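Engineer: This structure is in structure tokens; I'll ask about it shortly.
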């Protein structure tokens, strides 16, 4: 089979290899891929940044956002059958640590990441533990089904605080930030104020997805503008998806006393905070978000799709599997939402 492999420990370094089709173990299924989506993690591996250098052993088949069809099951598989249309959770958990046993598997102490710790989904076939498989509604568009991993980050972020009928500021309009906007629009946030540094392409996408106000932080002070929009009080909830020092601090300052700040973005280093003035005396609640709650977030996504959630505007580029380099170039340009690779069109 063909597979996209991080073949060399350097920027770029991706190659299309011929590799053996994997054989599922007793508790695994074999999935034939229909759609793949390029994640920010894949882009980090492509750039070969410090995180990638410390985590990824090459050669490695990358990728973990997918939709496909089960073509073979292991001898111990009980619930998934050949022909099922599936996606899957990208974190393989141990099932035994305290967090796994107390409903917090998304912060498993021993998790393994698909596409960076072990071989991933950017191939014609992939094996996956049955426990990680999610069976999709048969009428769900494969393009959308392949986005459930990042959509799950967005859903986990939005539902960490009470955003329904409340004013919400979203800091960062990258692909996951755009998905956050779509979810907020769907569940009825009263104000959706989107802050992006200077990427007009993504601010335009934000408006199409339902942002009520957009702020280009390179040209105006985001906190002052948010306070103006909210009558001086600030928003009830800030969702930080950029991971930039300024946007993290602005999120604290732009949130009303007693409000919630949800942190999804990953900064490159330490972030200085005014804990006394911006957090303690304001009585803010901070939430750290990683991955998806297993499997509460997945069921929420299914419900959101069934009730009409529309995330199609987030998909801005589609390429054939063999043209993956074009997809990574689009990611590097910053002028994109989600990038899809197709294997059956």
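The values are calculated or read from the model by the stated rules, or taken from the named source; none is laboratory data. Since this is a predicted model, take the numbers as computed values, not measurements. Because the Cβ atoms are built from the backbone with ideal geometry, glycine has one as well, and the counts that use them run over all protein chains shown.
Engineer: From the list 276, 297, 316, exactly one residue is assigned to a strand (DSSP E or B) and either free of Cβ contacts under 8 Å to residues at least 60 places away in the same chain or surrounded by 14 or more Cβ atoms within 10 Å (Cβ to Cβ) (or both). Which is it?
Structural biologist: Details: 276 fails: assigned to a strand (DSSP E or B); 297 fails: assigned to a strand (DSSP E or B).
After applying the criteria, what remains is 316.
Engineer: For residues that are surrounded by fewer than 20 Cβ atoms within 10 Å (Cβ to Cβ) and either touching a residue at least 24 places away in the same chain (Cβ under 8 Å) or outside any helix (DSSP H, G or I) (or both), tally how many sit in segment 329-342. I'd like the intermediate steps shown before the answer.
Structural biologist: Taking segment 329-342 as the starting set, the residues that turn out to be surrounded by fewer than 20 Cβ atoms within 10 Å (Cβ to Cβ) are 329-330, 332-335, 342.
With the extra rule that they be either touching a residue at least 24 places away in the same chain (Cβ under 8 Å) or outside any helix (DSSP H, G or I) (or both), the set shrinks to 332, 334-335, 342.
Residues flagged as surrounded by fewer than 20 Cβ atoms within 10 Å (Cβ to Cβ) and either touching a residue at least 24 places away in the same chain (Cβ under 8 Å) or outside any helix (DSSP H, G or I) (or both) within segment 329-342 amount to 4.
Engineer: Being surrounded by fewer than 23 Cβ atoms within 10 Å (Cβ to Cβ), within 30 Å of residue 213 (Cα to Cα), touching a helix residue (DSSP H, G or I) at 6+ places or on another chain (Cβ under 7 Å) and in the same structural domain as residue 235 (by TED's automatic domain parsing) narrows it down to one of 158, 164, so name that one.
Structural biologist: Values: 158 fails: surrounded by fewer than 23 Cβ atoms within 10 Å (Cβ to Cβ).
The conditions single out 164.
Engineer: Could you tell me which of the residues 90, 113 is buried (at least 24 other Cβ atoms within 10 Å of the Cβ) and either under 20 Å from residue 241 (Cα atoms) or touching a strand residue (DSSP E or B) at 6+ places or on another chain (Cβ under 9 Å) (or both)? Reasoning before the result, please.
Structural biologist: Details: 113 fails: buried (at least 24 other Cβ atoms within 10 Å of the Cβ).
None of the others qualify; the one that does is 90.
Engineer: Would you kindly identify the strands (runs of 3 or more DSSP E) lying entirely within segment 67-174 that contain at least 2 residues that are at pLDDT 95 or above and over 27 Å from residue 267 (Cβ atoms)?
Structural biologist: Details: elements: 85-88, 125-129, 133-135, 167-171.
Where strands (runs of 3 or more DSSP E) fall fully within segment 67-174 and carry at least 2 residues being at pLDDT 95 or above and over 27 Å from residue 267 (Cβ atoms), they are 85-88, 125-129, 133-135.
Engineer: Scan segment 48-66 for residues that are more than 17 Å from residue 124 (Cβ to Cβ), more than 18 Å from the chain's Cα centre (by Cα) and either in contact (Cβ under 8 Å) with a residue 24 or more places away in the chain or not in a loop (DSSP other than H, G, I, E, B) (or both) and jot them down.
Structural biologist: Matches in segment 48-66: 48, 50, 53, 54, 55, 56, 58.
Engineer: Let me ask something additional. For residue 5, indicate whether it is at pLDDT 95 or above and surrounded by fewer than 16 Cβ atoms within 10 Å (Cβ to Cβ).
Structural biologist: On the way: at pLDDT 95 or above: yes; surrounded by fewer than 16 Cβ atoms within 10 Å (Cβ to Cβ): no.
It is false that residue 5 is at pLDDT 95 or above and surrounded by fewer than 16 Cβ atoms within 10 Å (Cβ to Cβ).
To keep it simple, each residue is scored yes or no on (1) at pLDDT 95 or above; (2) in contact with a strand residue (DSSP E or B) (Cβ under 8 Å, 6 or more places away or on another chain); (3) part of a helix (DSSP H, G or I); (4) assigned by TED's automatic domain parsing to the domain that holds residue 165.
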position	(1), (2), (3), (4)
201	yes, no, yes, yes
206	yes, yes, yes, yes
215	yes, yes, no, yes
220	yes, no, no, yes
224	yes, no, yes, yes
232	yes, no, no, yes
237	yes, yes, no, yes
246	yes, no, yes, yes
250	yes, yes, yes, yes
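Engineer: Residues of segment 30-41 being in a helix (DSSP H, G or I) and within 21 Å of residue 133 (Cα to Cα), which ones? Step through it out loud before you land on a result.
Structural biologist: Our first condition is that a residue be in a helix (DSSP H, G or I); within segment 30-41, this holds for 40-41.
Once the filter is applied, which keeps residues that are in a helix (DSSP H, G or I) and within 21 Å of residue 133 (Cα to Cα), segment 30-41 yields only 41.
Table: residues versus (1) within 26 Å of residue 42 (Cβ to Cβ); (2) touching a residue at least 40 places away in the same chain (Cβ under 8 Å); (3) within 19 Å of the chain's Cα centre (by Cα).
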| site | (1), (2), (3) |
| --- | --- |
| 147 | yes, yes, yes |
| 153 | yes, yes, yes |
| 161 | no, yes, yes |
| 169 | no, yes, yes |
| 177 | yes, yes, yes |
| 181 | yes, no, yes |
| 188 | no, no, no |
| 194 | yes, no, yes |
| 202 | yes, yes, yes |
